[in-house]
1. As I understand it, the value is the acute angle between the Cα axis of helix B:31-49 and the longest principal axis of the Cα atoms of chain B; what does it come to in degrees, rounded to 10?
2. Relative contact order of the range B:114-212: what whole-number percent is it, with Cα pairs under 8 angstrom and at least 6 residues apart?
3. Counting only other chains, what is the mean number of Cβ atoms within 10 angstrom of the Cβ of each residue in peptide B:163-169?
4. Specify whether the C-alpha gyration tensor of the range A:68-171 places it in the rounded, prolate or oblate class, a ≥ b ≥ c being the square roots of the eigenvalues: rounded for a/c under 1.5, otherwise prolate if a/b is larger than b/c and oblate if not.
5. To the nearest 10 degrees, how steeply does helix B:61-70 sit against the main Cα axis of chain B, on a 0 to 90 scale?
6. Ranked highest first by average number of other Cβ atoms within 10 Å, how do A:73-85, B:44-56 line up?
7. Considering every residue in A:82-94, what mean count of other chain Cβ atoms within 10 Å of its Cβ is obtained?
8. Per-residue ellipticity at 222 nm for chain B, helices alone: DSSP H runs ≥ 4 residues times -39500 (n - 2.57), over residue total, nearest 500 deg cm²/dmol?
């Protein structure tokens, strides 16, 4: 597996593990919060239920206190509106909006909430009839044109004789509903045939009926529903959960992409460097090409680490190239004359043959041999002999063109390869060399030095041996014909 | 020397004959206000009579009656009903004077009246037309809000408890007016003073269906302790009290009464009230 894949795989694996752990944690938190939320709503529902029951209790207790008052009984019997008003107004409260005293004819004797409104007939009201027939009524009915929770009860003299009715009522309005749900996050709605009230403009969610023990009244379809005004908290929780999921997911994708591009950027540089080395190893590049490729691959954007590695590789390649050059030079150079050695000459000859064959060009070779060199060694010693060889090589090198290849073939024998040179041209050069040597003097050798030269020109189908053999034959003829001369074989 | 002896003897005689009288009333208003309203009158009487008048406010009407019977008080300020009842109970009770007041109609009278009124928009022009309507008295203890209206009904041979559809008790005269204005009742019994006040407040929106006989104002009486001659002397002092005296001003200041002093009437002046006691009470309390 590639390094890129390994790094990416392992990193994604870790990120996915973190992501899953994060999701697990968030989900656990969500479930815990939701349980708390549900619990809170349950408590709130019970609290609202309790408040409603307390409101009913207040109505009943108020009525009972007034019923037990002898003054109230006297006031009802004697139609003492003023006394009944003075008594009842003391019991008006936010939980008791209306207190009415009604005689057996259904005429209101006194209203606690309205001092000067009385004497009207309410005998047809449902709650009045119910109280007269059944002793008590606890339910919803219209009282003075307003839908109310009403508790009506017979008032009895000496606990036996009914003398009238007391009705205690609480108006079902927005304030009443608000008082039930005050301090909670829940809403309550009241619906009847006449009106619909709600503490919230929004529709109640998870609405449930309030469990109220009310008698069926004249108001049809009257009922209370409680529910959540909105699942704002839960929705916020869900939204937070979703946001966290999406956030973590996006972060994961962003991290993977960032990793991908970082890896690509860094590995691309490393890969380019390593590819250079691979190409060098597999001989697709030589050391100089390696150096130039490394140089090209490093730019200003290259990371410092890669730059340093590239520099190191470049310097190393430079040293290898230098060493290679030295070795090559050593392996292809004659140590004495500093001319190309026989191996180098053979390579050059091979190359020229290939070029000539490929390009249909031509070249010539001159085989050169110093005459009677053995006598020089024997007479003047090897040191002088070497000196002669060195100086002769130097003189010949001065006489040839830059493109010509001159080398020591062995002993006192030299080979000169003349690219793009015909036989005639080669003979001219050979003669110039012979004459130059002949007319040259040597510092430690007092004799005139002569050399024999055999020239041959490339022919189609030549091999190194065939062209060298012809040059060698020409040289042999020059030796046989008296030395210090140039011969050729075509 | 003889003159000095005569003056000294007169002084000794007068000192020996100067009396201390107890002047009592019952709490018809806040006791402190009553004390503030009547104290200047006590000072006036003390100064004019050379006697000492001490003010006593009894706990209630019963205590006042009891103390008159026991002769532990000498003078008393009583309302009409109390006077009539006391006189029946204690025949020796001596009438001195009747309180005078500036009436709302501009007259100075020793009496006031009860009106049976209806709202004009109820289109009731006579008592007979008020049949089966809703009616309100003030209080059964009220002279002008109950006793005299009952006399009116008696004169018309009306039992209000059957004549009217419902009869209510609203305690105060002003409340009867408010109940009429709010159309809770169509007919009500009030004093003439309340009527004139309502006229000022609401305009001419009421019809007077019936008017009672004059209702004597409060009386000042003397117990058996006080001699007939002495009671006449005190009555004379009261009759002649200046209208600008501190005693008269104190009534206005502390009780809001438009007092015009006192007048001595005949005891028969109060006999009209005696008839109210004979009117059937039609008690509904069982």
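1. Helix B:31-49 sits at roughly 40 degrees to that axis.
2. Working: 180 pairs, mean separation 49.0, N = 99.
Relative contact order for the range B:114-212 comes out at 50 percent.
3. Numbers: counts 0, 0, 4, 10, 3, 11, 9.
Other-chain Cβ atoms within 10 Å of each residue's Cβ, averaged: 5.
4. Details: a/c = 1.44, a/b = 1.10, b/c = 1.32.
Rounded, since a/c falls under 1.5.
5. Between helix and principal axis, roughly 40 degrees.
6. Details: A:73-85: 23.3, B:44-56: 16.6.
The peptides rank, most packed first, as A:73-85, B:44-56.
7. Values: counts 11, 4, 2, 3, 1, 0, 0, 0, 0, 0, 0, 0, 0.
Per residue, the number of nearby Cβ atoms from other chains is 2 on average.
8. On the way: 11 runs with 117 residues, N = 286.
Mean residue ellipticity, 222 nm, calculated: -12500 deg cm²/dmol.
Every read-out reported here was derived from the displayed coordinates using simple, explicitly stated rules and does not represent laboratory data. No experiment lies behind these values; they were computed from the predicted model shown. Neighbour counts run over all protein chains shown; Cβ positions are idealised from the backbone, glycine included.
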